[in-house]
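Input: a single structure, listed below in structure tokens.
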Amino acid sequence: MKIIAPSVLSADFGHLAEDLEMINRSEADWLHIDVMDGTFVPNISFGFPLMEPFRKYCTKPLDVHLMIVHPEKYVERFCDAGAWSVGFHLEAVEDPLPILDLIKTKGVRTCLTINPDIDVQRLVPYLDKVDMILLMSVFAGFGGQKFIPETMDKIRFIRQEIDRRGLPTLIEIDGGVNTQNAAELFAAGADALVAGSAVFGANDPEEAIRMMKKE
Ligand code: DX5
Ligand code: ZN
């Protein structure tokens, strides 16, 4: 699968509807939504009020990435606000299972994610309990950072585990993805790539999305 999920964090919020119309026209598959609380990560982005225009102006599924403490308090509201999938960080919680159940109860797809300094082995027990694994290829908190090359081995490892067990779980990669490294990431076993600055910072964002989906 070759899914591209532009991160709206890098959009121009003064012209949000136009940027979302561009996404609708493009070959992008999902819209990635980065929610930051200033506590789990050293940055604050946006929350519920923007889910409304995202849902109103964007025709693509909304892929919500929560970079927050206590995701258990908020996952249901993000589901109700129109999320297509809701992901949270394994290292932000004591036990992810009840939170995954909350999301599932809402009929929404689940995603578990880890920062680059968290041992990828910690995801293994959950591979059959989530719809998607999100491997951060930069430290969560900011767009426009450089891709961490060690992510490649983690993708291959998780791909191998998923295939060995015959699971349908998707692998998403987030951070520093661009038109140069997209093909390599898909080849290593990624199913979905998040791209913020490489899309919204491009002279021709639709072309950038097309290039990332190409072989
Ligand atoms: C980082 C966010 C990413 C970010 C990606 O904390 O989770 O989704 O927007 O931005 P780029 O593609 O610019 O690295
Ligand atoms: Zn993200």
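Details
- Unmet criterion (only one of (1) under 19 Å from Met1 (Cα atoms); (2) modelled with pLDDT of 95 or more) for Lys129: (1)
- Some residue of the stretch 74-84 being within 15 Å of ligand 1 (Cβ to nearest atom), more than 15 Å from the chain's Cα centre (by Cα) and without any contact (Cβ under 8 Å) to a residue 60 or more places away in the chain: no
- Considering Gly141, Gly107, Gly196, Gly166, the condition of being at positive phi and within 15 Å of ligand 2 (Cβ to nearest atom) is satisfied by Gly141 alone.
- Of the residues making up the stretch 37-73, those that are acidic (Asp, Glu) and part of a helix (DSSP H, G or I) are Glu52, Glu72.
- In the set Ala11, Ala5, only one residue is within 15 Å of ligand 1 (Cβ to nearest atom), open to solvent by less than 30 Å² (accessible area, probe 1.4 Å) and more than 15 Å from Trp84 (Cα to Cα); that residue is Ala11.
- Residue among Glu184, Glu161, Glu206 that is more than 11 Å from ligand 1 (Cβ to nearest atom), surrounded by fewer than 16 Cβ atoms within 10 Å (Cβ to Cβ), free of Cβ contacts under 8 Å to residues at least 40 places away in the same chain and of a type in the set (D, E, K, R): Glu184
- All positions within the stretch 118-137 that are among the basic types (Lys, Arg) and either in a loop (DSSP other than H, G, I, E, B) or buried (at least 18 other Cβ atoms within 10 Å of the Cβ) (or both): Lys129
The values are calculated or read from the model by the stated rules, or taken from the named source; none is laboratory data. Note that this is a predicted model, so its numbers are computed, not measured. No Cβ is skipped: glycine too gets one built from the backbone with ideal geometry, and neighbour counts run over all protein chains shown. In case anyone asks, the SASA skips ligands and DNA or RNA and just uses the protein heavy atoms, side chains included. Shrake-Rupley method; radii C 1.70, N 1.55, O 1.52, S 1.80 Å.
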